[in-house]
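Everything below concerns the one structure shown next.
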Amino acid sequence: MTEAVTIRGAGIVGLCVATELISRGVAVTLRDPAPSPGAHGCSWWAGGMLAPFCEGFTAEEPVMRLGQEAADWWQAQGVEVIRRGSLMVTLERDRRELDQFARRTTGHRLVTGADLTVLEPHLADRHDRALYFADEAHIDPRAALLHLRKRLEDAGARFEQSDAAPTGPVIDCRGLAAQDSLPDLRGVKGEMVVLRSADVTLSRPIRLLHPRFPLYIVPRGDGVFMLGATQIESEEKGRASARSVMELLSAAYALHPAFGEAEVMEIGADARPAFPDNLPRVTRKGETIHVNGLFRHGFLLSPAVARMAAGVATRENEAPEFYHEDHG
Amino acid sequence: MPIYYDTEIKSRLMLGTAQYPSPAILAEAFKRSGADIATVSVRREAGDERAGQAFWDMIGDLGVHVLPNTAGCHSVREAVTTAQMARELFDTSWIKLEVIGHADTLQPDPFGLVEAARILTDDGFQVFPYCTEDLVLCERLVEAGCRVLMPWGAPIGTGLGLNNIYGLRSLRAHFPDLPLVIDAGLGLPSQAAHAMELGYDAVLLNTAVAKAGDPAAMAEGFARALEAGRLGFKADPMEPRDMAAPSTPVLGRAFT
């Protein structure tokens, strides 16, 4: 049993792995060049949707299965988990896309007319049918990151502001910065916009299924909405393009024209770390365990992947589902 | 097998590389279909300092010919600049030229297309123009130096198949020796087989494969359909016969 571990990277993965290790009695030091979770990490820009069933449309099966652990895990850490499900809608001319989405996913039911009005009255102004994924949830990602960090500090985790490679047992959770050790890792750019509008009220994440401009809108409360997210095969960070922002805003406007008068509060961009199959990996490479490749599923899959990584580190379960060995 | 600008290709299938669930599934689609050309967009992915390089390296690892495109370009200038960037990035003079004329339907801009094709051909590019099946436009593109034509079957991403069979037949008849590739609009393998039966040389697919529930299986389905359609075309099919129109009555009616 490992007694002390240094975790490199205090983003979503590092914080979740630390939480799992501390609960197993391991002393944890987190090392990150930044003092606190913030705009430098891609989890800062996340939607915070815990939507394993919707993600199952394009993601591999483990995402749907393991993602179902996430809501309970976050709640157990004391994070506010809003369990009101999510809704999927299409524009009128794409109606058949909704049928296809229904065929390829589970955990939903079709809601129309009065039922939709009860769930989401402002959406029902403009849409007459939606798929309702009742068991999905969402969280505020920034609040969750800050909460997790605070909770770890209270539990005795040490935080070091440094980028230097540590000695001893290391769990590397640096995301895209670990490309120097993980040649298969690539960045997938995502762009997002935050709006504030007093004219629209939404209680749960809404997804717009669109053949070219897919969109999700996550309500953050107080009239604040997060619009996400593009997915571009590029490692560029920090620069949202006018085209992407325009597409996100146009899609939101099509979803409800009241968004046209919303205040633009924030525009953000970052690159998600991903492996070729877009699934996460727990990779043992010499003395280091790499936990990486969470792609667009940081908040959804980090709980399950952190549990696996902690299992590998403590030798509780040495070859879990996403385990890889790298002898290169 | 088709020859584009003196390069012989091993397959009648070209695959686009956008919108797949993951690069691993994209690679599997190439493997199962035997597609030998990958089209790659550069306009949006390039960013600053080749930020799309990791993905392009994965495309390179497929071991197929890379045909960069100018997807997302709405003007001649944008398309020409993107083509020049693509030539540097992929070290190829091939360019699939798209000049989009309509933002919603992504219909080609025929006027801009001819202009850009002329500029790029003069600059040493080997141009694969994404065009409509309009005969006059295609003649202008050939005059501009294009030695391949890529007419649409239907607007990009619609899956509607071959919308104008007459126009496509006419194009084949007027350009018997030029490689003709159906680009855009296909959704089903049967539509690709039909394109082969019309004597077309190849098809390019993206959405039909990438957005299928099982992209790799769909890619293979298309590859087989292309083979079937091509065999049928080469085998000189029978002429259809209209038995609904009665012939002269025969004594005793035994053969009517």
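The values are calculated or read from the model by the stated rules, or taken from the named source; none is laboratory data. Just so it is clear, the structure is predicted and the values come from calculations on it, not from any experiment. Ideal geometry is used to build each Cβ from the backbone, glycine not excepted, and the neighbour counts take in all protein chains shown. When the accessible area is computed, the model is the full protein with side chains, heavy atoms only, and any ligands, DNA or RNA have been set aside. Shrake-Rupley method; radii C 1.70, N 1.55, O 1.52, S 1.80 Å.
Structure notes:
- Which numbered condition A:Q179 misses (of (1) more than 30 Å from A:R126 (Cβ to Cβ); (2) within 14 Å of chain B (Cβ to nearest Cβ); (3) crowded, with 19+ Cβ neighbours inside 10 Å): (3)
- Residue check for B:A71: more than 20 Å from the chain's Cα centre (by Cα), within 14 Å of another protein chain (Cβ to nearest Cβ) and open to solvent by less than 40 Å² (accessible area, probe 1.4 Å): no
Listed here are the residues, each with its yes/no results for (1) assigned to a loop (DSSP other than H, G, I, E, B); (2) of a type in the set (D, E); (3) in contact (Cβ under 8 Å) with a residue 12 or more places away in the chain.
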position	(1), (2), (3)
A:E160	no, yes, yes
A:G168	yes, no, yes
A:I171	no, no, yes
A:G187	no, no, yes
A:T201	yes, no, yes
A:R207	no, no, yes
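- Any hit, segment A:303-318, residues being assigned to a loop (DSSP other than H, G, I, E, B), within 14 Å of chain B (Cβ to nearest Cβ), modelled with pLDDT under 95 and within 30 Å of A:Q75 (Cα to Cα): no
- Every listed requirement among (1) within 14 Å of chain A (Cβ to nearest Cβ); (2) at positive phi is met by B:M58 save one, (2).
- Candidates A:A155, A:A76, A:A114 - the one that is in contact (Cβ under 8 Å) with a residue 60 or more places away in the chain and away from every other protein chain (no Cβ under 14 Å): A:A155
- Test: residue in segment B:6-20 that is open to solvent by 30 Å² or more (accessible area, probe 1.4 Å), more than 14 Å from chain A (Cβ to nearest Cβ) and farther than 25 Å from B:E220 by Cβ: yes
- Any hit, segment A:246-269, residues being within 19 Å of A:L294 (Cβ to Cβ), more than 14 Å from chain B (Cβ to nearest Cβ) and of a type in the set (A, V, I, L, M): no
- Top-ranked residue of segment B:35-47 - restricted to ones that are within 24 Å of B:L226 (Cα to Cα) and assigned to a loop (DSSP other than H, G, I, E, B), ranked as farthest from the other protein chains (Cβ to nearest Cβ): B:D36
- Count of segment A:273-296 residues which are in a loop (DSSP other than H, G, I, E, B), within 13 Å of chain B (Cβ to nearest Cβ) and among the small types (G, A, S): 1
- Set side by side, the residues A:R272, A:R281 differ, and just one is under 13 Å from the mean Cα position of the chain (by Cα) and either open to solvent by 10 Å² or more (accessible area, probe 1.4 Å) or basic (K, R) (or both), which is A:R272.
- Comparison of B:P240, B:P176, B:P246 shows that the only residue that is surrounded by fewer than 19 Cβ atoms within 10 Å (Cβ to Cβ), out of contact with any Asp or Glu (no Cβ under 9 Å at 6 or more places or on another chain), closer than 21 Å to B:T7 by Cα and not polar (S, T, N, Q) is B:P176.
- Residues in segment A:125-149 that are over 20 Å from the mean Cα position of the chain (by Cα) and either among the β-branched types (V, I, T) or surrounded by fewer than 19 Cβ atoms within 10 Å (Cβ to Cβ) (or both): A:D125, A:R126, A:D128, A:R129.
- Test: residue in segment B:153-169 that is in a helix (DSSP H, G or I) and more than 17 Å from the chain's Cα centre (by Cα): yes
- Total residues in segment A:118-154 satisfying the condition of being over 26 Å from A:E266 (Cβ atoms), among the small types (G, A, S) and in contact with a helix residue (DSSP H, G or I) (Cβ under 8 Å, 6 or more places away or on another chain): the figure is 2.
- Top-ranked residue of segment A:33-73 - restricted to ones that are under 13 Å from the mean Cα position of the chain (by Cα) and of a type in the set (F, W, Y), ranked as farthest from the other protein chains (Cβ to nearest Cβ): A:W44
- In segment A:252-272, the residues that are among the aliphatic types (A, V, I, L, M) and more than 28 Å from A:G41 (Cβ to Cβ): A:A254, A:L255, A:A258
- Annotation note: of B:R32, B:R50, the sole residue that is at pLDDT 95 or above and either away from chain A (no Cβ under 14 Å) or part of a loop (DSSP other than H, G, I, E, B) (or both) is B:R32.
- Meets criteria (closer than 30 Å to A:Y323 by Cα and at pLDDT 90 or above) for A:R272: yes
- Test for B:L186: is it touching a Gly at 6+ places or on another chain (Cβ under 7 Å), surrounded by fewer than 18 Cβ atoms within 10 Å (Cβ to Cβ) and closer than 30 Å to B:A216 by Cβ: no
- Matching entry among A:T90, A:T117, A:T105 (being among the β-branched types (V, I, T) and open to solvent by 40 Å² or more (accessible area, probe 1.4 Å)): A:T117
- Residue-level check: of (1) more than 18 Å from A:I139 (Cα to Cα); (2) open to solvent by 40 Å² or more (accessible area, probe 1.4 Å); (3) modelled with pLDDT of 90 or more; (4) out of contact with any Lys or Arg (no Cβ under 9 Å at 6 or more places or on another chain), A:L208 misses just (2).
- Hits in segment A:215-258 - residues which are within 23 Å of B:G16 (Cβ to Cβ), of a type in the set (S, T, N, Q), assigned to a helix (DSSP H, G or I) and open to solvent by 30 Å² or more (accessible area, probe 1.4 Å): none
- Against the test of being surrounded by fewer than 23 Cβ atoms within 10 Å (Cβ to Cβ), more than 10 Å from chain A (Cβ to nearest Cβ), of a type in the set (D, E) and touching a Lys or Arg at 6+ places or on another chain (Cβ under 8 Å), the options B:E78, B:E115, B:E88 yield a single qualifying residue, B:E78.
- Restricting segment A:191-230 to residues that are in contact with a strand residue (DSSP E or B) (Cβ under 6 Å, 6 or more places away or on another chain) and within 14 Å of another protein chain (Cβ to nearest Cβ), the residue that is farthest from B:G185 (Cα to Cα) is A:E191.
- Contact map, segment A:16-27: first residue over 10 Å from A:L152 (Cβ atoms), second residue open to solvent by 20 Å² or more (accessible area, probe 1.4 Å) and at pLDDT 95 or above, Cβ cut-off under 6 Å, separation 6 or more or different chains; pairs are A:E20/A:R307.
- Among the residues of segment B:27-52, those that are in contact with a strand residue (DSSP E or B) (Cβ under 8 Å, 6 or more places away or on another chain) and under 23 Å from B:M1 (Cβ atoms) comprise B:A29, B:F30, B:S33, B:G34, B:A35, B:D36, B:I37, B:A38, B:T39, B:V40.
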